[in-house]
1. For the structure I just gave you, tell me whether residue 361 is under 28 Å from the mean Cα position of the chain (by Cα) and in the same structural domain as residue 422 (by TED's automatic domain parsing).
2. Taking the stretch 280-315 on its own, how many of its residues are over 22 Å from residue 328 (Cβ atoms) and touching a strand residue (DSSP E or B) at 6+ places or on another chain (Cβ under 6 Å)?
3. For the stretch 264-296, give me each residue that is in a loop (DSSP other than H, G, I, E, B) and either more than 30 Å from residue 367 (Cβ to Cβ) or over 22 Å from the mean Cα position of the chain (by Cα) (or both).
4. Among the residues of the stretch 228-237, is any under 19 Å from residue 149 (Cα atoms), in contact with a strand residue (DSSP E or B) (Cβ under 7 Å, 6 or more places away or on another chain) and assigned by TED's automatic domain parsing to the domain that holds residue 43?
5. What are the pairs, 6+ residues apart or on separate chains, where a residue within the stretch 355-377 that is of a type in the set (D, E, K, R) has its Cβ under 7 Å from a residue that is surrounded by fewer than 16 Cβ atoms within 10 Å (Cβ to Cβ) and part of a loop (DSSP other than H, G, I, E, B)?
6. I'd like the full set of residues that are buried (at least 20 other Cβ atoms within 10 Å of the Cβ), without any contact (Cβ under 8 Å) to a residue 60 or more places away in the chain and under 15 Å from residue 90 (Cβ atoms), limited to the stretch 122-164.
7. Identify all residues within the stretch 401-413 that are under 19 Å from the mean Cα position of the chain (by Cα) and either within 19 Å of residue 301 (Cβ to Cβ) or modelled with pLDDT of 95 or more (or both); write none if there are none.
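The values are calculated or read from the model by the stated rules, or taken from the named source; none is laboratory data. Nothing here was measured: the structure is a model prediction, and the numbers come from that model. For neighbour counting, all protein chains shown are included, and Cβ atoms are generated from backbone atoms with ideal geometry for every residue, glycine included.
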Amino acid sequence: MKKVTFLTAVMLLAALTATAQNNTKGYYKDVLIDGGIGLSSKWYIPATIYLDLSTHTLLSVTDDKDYSIQDTLYQNSVFIGNEYDENGYLLYPDGAPRFRVLYVNGGSSFAHGKSVGEEGRKNIMQFILNGGSYVGTCAGSALSSKGVIWDEGFRRQEEYFAIWPGVIRRSEAHRIFTGMNFPKKSPLLKYYDFGGDLHIDSLLHNLGNHAYRGMDWPAGTEILATYETDTLHLEREIGGEPSIWAYRPTEYSGREVMCGSHPESIPYGERLHLMSAMLRYAMDGNGYPSVKAELANGEERVMDRSTHDNQPELTKIGDKQYHHFLIRVPKKAKTLKITLKAVPTTQADSTYKEPDLFVFARRGKFAYKGESDIQNISNGIGKEIIIDRPKAGNWYISVFCNTTVDTEETKYGTRYTGRLDVLNGVPYIIQAEY
């Protein structure tokens with residue numbers, strides 16, 4: 001938990017900006033689609049295509065009693081890691097989220113949660129707390145909770161993620177179609193009007209659930225939609241119960257959006273808009289960008305630690321990730337010189353090509369590619385920027401790793417190929433001097 005604690009604390013430096021900025025940049029991809037052990041395996045979600053989101057997919061067999069050691073090994077590489085990717089797919093080396101959203105499919109919540117394991121569940125919690133968002137439908141919504149209200153009472157489900165510290169109740173309704181009603185102030189209505197009638201119908205519901213308000217209702221939980229007043233004469237009535245709900249642990253965490261039914265597979269109409277709105281609301285709730293550290297004038301900062309060192313403030317940068325730094329430039333400074341250097345290494349492989357790190361600088365706001373006052377995007381790691389007569393104030397300096405992995409599609413989903421060395425991070429030395 002040291003990584004979570006430090007990253008949360010250092011994010012307070014971001015308050016130095018005049019306006020808070022949501023973190024929409026610096027991710028490897030937009031959505032990791034979890035169709036792992038015990039879950040429905042889908043190559044794509046229509047809403048991600050509709051929204052033009054980049055995706056990475058985990059697939060497995062759908063029968064939770066008939067998965068192989070290969071299924072387990074590949075899923076472990078995603079949620080836990082392996083020798084070339086110590087931190088797993090969800091996290092950068094410093095514990096920051098690698099994707100904007102983790103989407104978890106329907107299926108068996110018990111089988112999948114158990115297969116992810118304790119270490120995988122801890123990584124999912126860290127992903128959320130450090131700014132990654134979550135969308136879960138049916139089993140995915142159940143997994144977000146800490147347990148289930150059964151007829152005989154509450155049971156804590158240790159295999160659940162507990163990222164939303166509330167309780168769900170299962171409907172026990174098999175393959176029915178339900179309607180949902182939107183409260184007039186539902187945040188989902190910011191994205192689509194759903195015909196203007198505050199209603200959507202014909203959502204597949206297969207042994208789904210609802211958020212249970214009668215026990216341990218977490219403060220800050222938002223009800224985004226409720227099940228239509230029960231006209232189906234179900235044994236366990238769900239009319240009026242929360243069918244879609246959202247939660248954000250802190251302003252620096254990601255936002256979680258859960259739905260007890262299945263809007264994810266429909267490629268047209270209001271149900272497509274519903275899944276799209278859920279993804280958009282989750283992404284609009286990504287955590288704020290963080291400042292790694294305030295640079296001391298003229299002092300080198302060596303960023304060469306690994307995940308297992310538990311020092312995220314000094315950890316190497318991941319592919320397509322930004323590291324943000326701050327330096328306070330006084331009045332009448334003649335120049336501001338920013339230097340980026342490679343960490344000396346005994347690289348024995350003569351075919352090794354140095355990764356490309358870019359550097360950007362901007363006064364008063366976080367600096368990004370295309371949003372900076374000055375930049376150096378030449379090849380390699382070594383860089384220098386000199387700013388003559390810089391205005392006094394807070395200057396934000398960012399390092400960006402432009403070198404990334406390649407991918408290929410396999411029966412287990414999207415697999416990394418190519419520059420696997422960047423997954424454990426690229427070391428560098430940063431210095432700012434005025």
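1. For residue 361, the condition - under 28 Å from the mean Cα position of the chain (by Cα) and in the same structural domain as residue 422 (by TED's automatic domain parsing) - is met.
2. The number of residues fulfilling the criteria is 8.
3. 264, 265, 266, 267, 268, 295, 296
4. Looking through the stretch 228-237, none of the residues is under 19 Å from residue 149 (Cα atoms), in contact with a strand residue (DSSP E or B) (Cβ under 7 Å, 6 or more places away or on another chain) and assigned by TED's automatic domain parsing to the domain that holds residue 43.
5. 356/379; 356/380; 356/402; 363/391
6. 123, 124, 143, 161
7. Restricting attention to the stretch 401-413, the residues satisfying the condition of being under 19 Å from the mean Cα position of the chain (by Cα) are 401, 404-405, 413.
Selection gives 401, 404, 405.
Rundown of residues vs (1) under 20 Å from residue 188 (Cα atoms); (2) touching a Gly at 6+ places or on another chain (Cβ under 8 Å), yes/no style:
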position: 202; (1), (2): yes, yes
position: 208; (1), (2): no, yes
position: 213; (1), (2): no, no
position: 216; (1), (2): no, yes
position: 224; (1), (2): yes, no
position: 237; (1), (2): no, no
position: 240; (1), (2): yes, no
position: 243; (1), (2): yes, yes
position: 255; (1), (2): yes, yes
